[in-house]
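The block underneath contains the structure these notes are about, expressed in structure tokens.
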Amino acid sequence: MEREFTYRGKTYSKKDIDFIRKLISDNSGDSRWLLSRKLCVAWNWVQKNGALRDQLCRSFMLKLDREGYITLPPQKRKILNPLANRCKPKKIEIDQTPIEGSLSTIKPVEIYEVRGKQEKLCNSLIEQYHYLVPIHKLGILKDKNQ
């Protein structure tokens, strides 16, 4: 007898896995994305706002596939994540003359969200001066200049 499968704290029975296998075989021309949406509808996997939990479902089905419970159809297209492949920001030189005195003497101080042209400056300064190891040096982001 095939063992049960646990994902995110919920256990799925052989009957559940057989249902997914049948869904895949009955819809053999469908993409992984469409299969996950069909499974969401069948199992009523929806968010509080009514949207299907298809991303969660796709990761669930991928884990089932990787562990040999099901066989997903081949991936039809690879979605590239532009945020994962960003280049290291260019170094921008700025005036670093220390500001001395209490906060009350340099008022007003404004804090605002960085947008537009200022994003390049902000990203460069974080890259150069933030105390944490830059993400691209950990191998998470690929630096095209290396």
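The values are calculated or read from the model by the stated rules, or taken from the named source; none is laboratory data. Values in this document were obtained by computation on a predicted structure and should not be read as measured data. Positions of Cβ are backbone-derived with ideal geometry, glycine not excepted, and every protein chain shown enters the neighbour counts.
Some observations on this one:
- Residue ranges of helices (runs of 4 or more DSSP H) in region 1-106 with at least 3 members over 24 Å from the mean Cα position of the chain (by Cα) and in the same structural domain as S124 (by TED's automatic domain parsing): none
- Residue pairs whose Cβ atoms lie under 8 Å apart, separated by 6 or more positions or on different chains, with the first residue in region 76-104 and of a type in the set (A, V, I, L, M) and the second modelled with pLDDT of 80 or more and surrounded by 10 or more Cβ atoms within 10 Å (Cβ to Cβ), are I92/K120; I92/L121; I92/S124; I92/L125; I94/L121; I94/L125; I99/I106.
- Some residue of region 50-67 being of a type in the set (D, E) and surrounded by fewer than 16 Cβ atoms within 10 Å (Cβ to Cβ): yes
- Selected residue (criterion: farthest from R3 (Cα to Cα)) from residues of region 15-55 that are among the aliphatic types (A, V, I, L, M) and in contact (Cβ under 8 Å) with a residue 24 or more places away in the chain: L35
- Within region 87-115, being in contact with a helix residue (DSSP H, G or I) (Cβ under 8 Å, 6 or more places away or on another chain) and not β-branched (V, I, T) holds for K88, P89, K90, K91.
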